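For reference, the structure discussed in these notes is given below.
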Amino acid sequence: MSRPDGPPGRGDRPGTWHDGGVTAPLTPPPHGRSPEDPVPQPPFGAPPSAALEPGELRRAVLVGLAVAVTGLLLGLAWVWLAPRVPLVSDGKAVYLENTEGEQAVGADGVFVLLGLALGAVWALLAFLFSRRGGVPLVVSLALGGLLGSVIAWRLGVALGPTTDVVAHAREVGKGVTFEGPLQLRAKGALLAWPTAAMLVHLALTGLFGPRDPEPPLPPL
């Protein structure tokens with residue numbers, strides 16, 4: 001039977017309502033918020049959550065692989081352009097023909113210059129390929145450049161003069177000048193390519209990349 005309207009009796013539980021026929025407990029709103037309260041909004045100017053677009057990671061992987069493969073070109077150019085280190089043997093030991101020569105330092109310098117040039121070129125190509133940039137693309141440029149530098153280094157050493165200096169000295173004979181192996185003495189030169197690629201790409205993106213829309217002004 002329905003309960004007549006009126007003040008609650010002793011048997012009534014607090015927090016109940018009556019519509020003349022149904023009695024149900026009131027469920028408290030979650031976290032102390034009433035259903036009429038507006039839904040909280042993110043603070044003004046908060047950036048939207050960043051998410052990778054479909055295919056963005058795949059494009060970055062392809063770019064990284066293409067960059068690494070061009071390390072073969074860097075290795076060939078290094079073998080061709082790097083100065084040779086002249087050595088000579090007296091029959092007992094091998095010496096530098098010119099102790100004041102800078103050929104060894106020049107080989108490292110040529111590698112660095114070639115790496116910087118390739119890094120800048122790949123940064124420009126990647127920017128033209130995807131003007132939006134993004135973290136995956138920059139990371140792929142860096143990793144691909146580092147892998148390409150390692151490939152170029154090992155290829156240059158393999159294609160250059162033999163690394164068995166003693167056997168080479170015995171082959172050419174005493175007092176005959178021969179070319180020493182192509183070496184990369186400063187291993188920090190391997191970072192020239194990836195560093196140039198990242199810096200140039202970030203500069204191009206900052207200067208010519210698309211601009212984010214200005215956030216709306218807050219209401220007065």
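The values are calculated or read from the model by the stated rules, or taken from the named source; none is laboratory data. This structure is a prediction, so every number in the text was calculated from the model and none was measured. For neighbour counting, all protein chains shown are included, and Cβ atoms are generated from backbone atoms with ideal geometry for every residue, glycine included. Just so you know, the surface numbers come from the protein's heavy atoms only, side chains and all, with ligands and any DNA or RNA stripped out. Shrake-Rupley method; radii C 1.70, N 1.55, O 1.52, S 1.80 Å.
Things worth noting here:
- With one equal scatterer per alpha carbon and no solvent term, the Debye-computed log10 I(q)/I(0) for segment 101-175 at 0.19, 0.21, 0.24, 0.26 1/Å reads -0.89, -1.00, -1.12, -1.20.
- Residue list for segment 124-147, given a label point 7 angstrom along the Cα-to-Cβ vector of residue 208 and an amide N cut-off under 15 Å: 124-133
- Once the 1.4 Å probe is applied to the protein heavy atoms, segment 107-174 comes out at 51 Å² accessible per residue.
- Additional length obtainable on full extension of the chain from residue 84 to residue 96, 0.36 nm per residue less Cα span: 3.2 nm
- Here the peptides 198-208, 171-181, 72-82 are ranked by packing, the mean other Cβ count within 10 Å, and the order with the highest first is 72-82, 198-208, 171-181.
- Pairwise Cα distances in segment 66-121 exceed 15 Å in 57 percent of cases.
- Extending 7 Å from Cα along the Cβ direction at residue 113 and again at residue 66 yields two label points whose distance is 2.8 nm.
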